[in-house]
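Note sheet for the following structure.
What follows is calculated from the coordinates using simple rules that are stated; it is not laboratory data. This structure is a prediction, so every number in the text was calculated from the model and none was measured. Cβ sites come from the backbone with ideal geometry, for glycine too, and all protein chains shown count toward neighbours.
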Amino acid sequence: MDFDLSDDQRAIKDSVDRLVRERYTFDARKRHRAEEKGWSDAVWAEFAELGILAVPFSEDEGGLGGGAVETMIVMEAFGRGLVVEPYLSAIVMAGGLLRHAGSPEQKAEWIPSLADGSKRLAFAYAERQSRYETHVVGTRASRDGDGWILSGEKSLVLHGDTADGFLVSARTAGASDEEAGIGLFLVPADAPGVSRRAYPTQDGMRAAEISFESVRVGPEAVLGDPEGAHPHIARVVDETIAALSAEAVGAMERMHALTIDYMKTRQQFGVPIGSFQVLQHRGADMFIALEQARSMMLYATMNAAEDDSALRREAISAAKVQIGRSLRFIGQNTIQLHGGVGVTMEYEVGHLFKRTAMIDLSFGDADWHLEKLAEQGGMRAL
């Protein structure tokens, strides 16, 4: 398989790498987090100006016509920079649902605004009882004439505190744990009956608890089949995991680089601790874990667009298992080799450790995905 980037992909990589390297230092990130939204409007506008927000959308929709590889390039750079802006939630997740399930009218209304940064959507899918299962949905949508009435609560809506609207999964038929009978609804954030409680997450991001109390929406708010949205949700979740895998690799690469640099400068017994062979071996083991994760990131990226949902899920779960293991190994060793300074708020590696821990837990941790692979009988030759 050819892993070389095309000229267009390399141009995207060069521009986003330069932006993160020059404009997204650790001190700059602190300032962005201190802003009212928890991230920077100015940086978001820069993303839009460079075309980063338009990457995954087709040219007909006003985008750059990119796919999983282009998203991987962006997310890997964002992982190295610990970017806190809502790219994953607004572009990868909500934008992905619009791409796969939206009508031409819905795409025309929202995608240009997402691509130019003027509007943001958030995907409201998780509930307190659902854990990692996206088909466990208690929020209900009942018909009301030609429209719908939504009632329920959604948890941990990533960047839901500043979103202009929500893509909400709601049950229109069947039991609360069935994959069939789930619809997707586009609900404006200021619709009567919508309330949200915002809070910061452990990794420096923002999220919100969203309540829907008899929220009425019209027929134009439904994305696709009101009882058949779960295949689209599952596909976007797989694409999101592939994107998170790239972010994880970028963050692990940064942790490894900081650790090796620290070992070269931190002295003990009058010599750099990197001169001790046992610590050199530890650094080498971290690099091996990083490269194992990188190979599985590429594997997930190459299979993110697979139409066969079983094969796609198999590849994504396999990647999540290895990347989760690498995250734990590299993260724990990074903290151990840095000592006490590694867990201070003033030093970068502690924030990287928190973000990678949250990535491991997002959409199922390594143990959960390993169990899913076992239920499927292991990996087949893809």
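Numbers below:
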{"read-out": "For segment 231-375, the fraction of alpha-carbon pairs in successive 10 Å shells from zero, as %", "value": "12, 39, 27, 14, 5, 1, 0"}
{"read-out": "Loop-located GluC sites (Glu not before Pro) in segment 100-146, at most 16 other Cβ atoms within 10 Å (DSSP)", "value": "Glu133"}
{"read-out": "Matching label, Cα extents along the principal axes in Å computed from the structure shown, candidates [x] 79, 48, 41; [y] 68, 51, 34; [z] 72, 52, 38", "value": "[x]"}
{"read-out": "Helix runs (DSSP H) in the chain reaching 15 Å along axis by Cα, Kyte-Doolittle at least 0.0", "value": "68-81, 230-265, 277-303, 348-361"}
{"read-out": "Rg/Rh for segment 1-142, where both radii come from Cα atoms and Rh is the Kirkwood radius", "value": "1.00"}
{"read-out": "Rounded D (µm²/s) - segment 247-329, Kirkwood Rh over Cα pairs, Stokes-Einstein at 4 °C, 1.567 mPa s", "value": "91"}
{"read-out": "Two-site FRET efficiency, Gln336 against Ser142, from Cβ-Cβ distance with R₀ of 45 Å, rounded to 0.05", "value": "0.25"}
{"read-out": "Per-residue Cβ neighbour rank within 10 angstrom, fewest leading, Met297, Met252", "value": "Met297, Met252"}
{"read-out": "Given Lys264/Lys320; Lys37/Lys119; Lys13/Lys37; Lys320/Lys354; Lys119/Lys154; Lys119/Lys372, the pairs whose alpha carbons are separated by over 25 Å", "value": "Lys264/Lys320; Lys13/Lys37; Lys119/Lys372"}
